[in-house]
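Working notes, beginning with the structure itself.
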Amino acid sequence: MKNKTYLMIIIIIAVALTTACSVEPAGEIPSSYQPVASAAQEPLQPADPGYGSSGSFSNTDISLEQMLIYAIQDEYFARSEYDYIINELGAGTPFTNIIKSEETHISMLTPLFEAYSYDFPADTSAVHLVFPSSITEALETCVEAEIDNIAMYEKFLESDLPDDVAAIFIELRDASKNHLDAFQRKLSRS
C-alpha cells in the first residue's frame, strides 16, 4: 500500500510538472491558495469550478461519460486533498482512514470507463487543490467537500442510469455520507 501511495505521489508530481504547474515549497502559502470557507460563506470548491463535483453542478445536460469524469475527478481531488492534509498538516484520523477509501472509490469507477469505452482521465487534481493552514480549516473544507460529493451523486442518480453505474454511484454516495459523519464528529471535538 505504501508503494502505491508513493507511486501515486510521483504520478501526481509528474502530471503537475508536465502541465506547467508551479510547485511551492512546503511551509509557504502557495500562490494558488484560496481561503477556506467558513460556515457563513459559500461552500469551498476546487480552484477550477469546472472540475469534480463543482463542474457537475453547472452542467445541466450531463451525459454518462461526463458523470463518470466528474465522479473520478472528485475522488481524485479528495484523495489529493487528504494526502496534503496528512503529509503537510500532520493529520491523523479520520483523514488516514478516509484516504484509503478514496483509493477504493477510484478503483470502483475505473472499470466503468472501460465498460463504456470512455477514455480514462489522468489525475490532474494536484493543480486544483486548496491549501488549508490548520486541521480545523481542513475539517471544515472536507465537510463541505463531502456535502458536495453527496449532492453530485444524488444529482446523477436522478438520471436514467445503467444498473452497474447506478449501483456504484449509490455505494460512493453512501460512503461519502459516512465520511461526512466522521469529519463532522472530529470537527465538533476540535
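The values are calculated or read from the model by the stated rules, or taken from the named source; none is laboratory data. Note that the coordinates shown come from a computational prediction; the quantities given were computed from them, not determined experimentally. Note that each Cβ is placed from the backbone with ideal geometry, even for glycine, and that neighbours are counted across all protein chains shown.
Please go through region 74-110 and pick out each residue that is closer than 22 Å to Leu64 by Cα, crowded, with 16+ Cβ neighbours inside 10 Å and of a type outside the set (D, E, K, R). Write out each step before concluding.
Let us first name the residues in region 74-110 that are closer than 22 Å to Leu64 by Cα, namely 74-78, 102-110.
Of the ones still in play, those that are also crowded, with 16+ Cβ neighbours inside 10 Å are 74-78, 102, 105-106, 108-109.
Selection gives Tyr76, Phe77, Ala78, His105, Ile106, Met108, Leu109.
Applying the selection to region 127-142, what residues are assigned to a helix (DSSP H, G or I) and more than 13 Å from Tyr82 (Cβ to Cβ)?
Result: Val127, His128, Thr136, Glu137, Glu140.
Tally the residues that are over 13 Å from the mean Cα position of the chain (by Cα) and either β-branched (Val, Ile, Thr) or under 21 Å from Val127 (Cα atoms) (or both), restricting the search to region 92-101.
The first filter runs over region 92-101 and keeps only residues over 13 Å from the mean Cα position of the chain (by Cα), leaving 92-94, 96-97.
Add one more test, that the residue is either β-branched (Val, Ile, Thr) or under 21 Å from Val127 (Cα atoms) (or both), and what stays is 93, 96.
The qualifying residues number 2.
Would it be correct to say that Ser133 is among the polar types (S, T, N, Q) and farther than 20 Å from Val165 by Cα?
Yes; evaluated as a whole, the condition is true for this residue.
Pairs please, first residue from region 58-82 and under 20 Å from Pro162 (Cα atoms), second anywhere and acidic (Asp, Glu) and not in a helix (DSSP H, G or I), Cβ atoms under 7 Å, 6+ apart in sequence or on different chains.
Short answer, once both residue conditions are applied: none.
If Glu103 satisfies all but one of (1) in a helix (DSSP H, G or I); (2) within 18 Å of Leu187 (Cβ to Cβ); (3) not hydroxyl-bearing (Ser, Thr, Tyr), what's the number of the condition it fails?
With respect to (1) in a helix (DSSP H, G or I); (2) within 18 Å of Leu187 (Cβ to Cβ); (3) not hydroxyl-bearing (Ser, Thr, Tyr), Glu103 is out only on (2).
Of the residues Leu64, Leu17, which single one is aliphatic (A, V, I, L, M), more than 18 Å from the chain's Cα centre (by Cα), farther than 21 Å from Cys142 by Cα and at pLDDT 85 or above?
Working: Leu17 fails: at pLDDT 85 or above.
From the options Leu64, Leu17, the qualifying one is Leu64.
Considering region 111-134 alone, what residues qualify as being over 17 Å from the mean Cα position of the chain (by Cα), in contact (Cβ under 8 Å) with a residue 40 or more places away in the chain and more than 15 Å from Ala71 (Cβ to Cβ)?
Listed by number, the residues that qualify are Ser133, Ser134.
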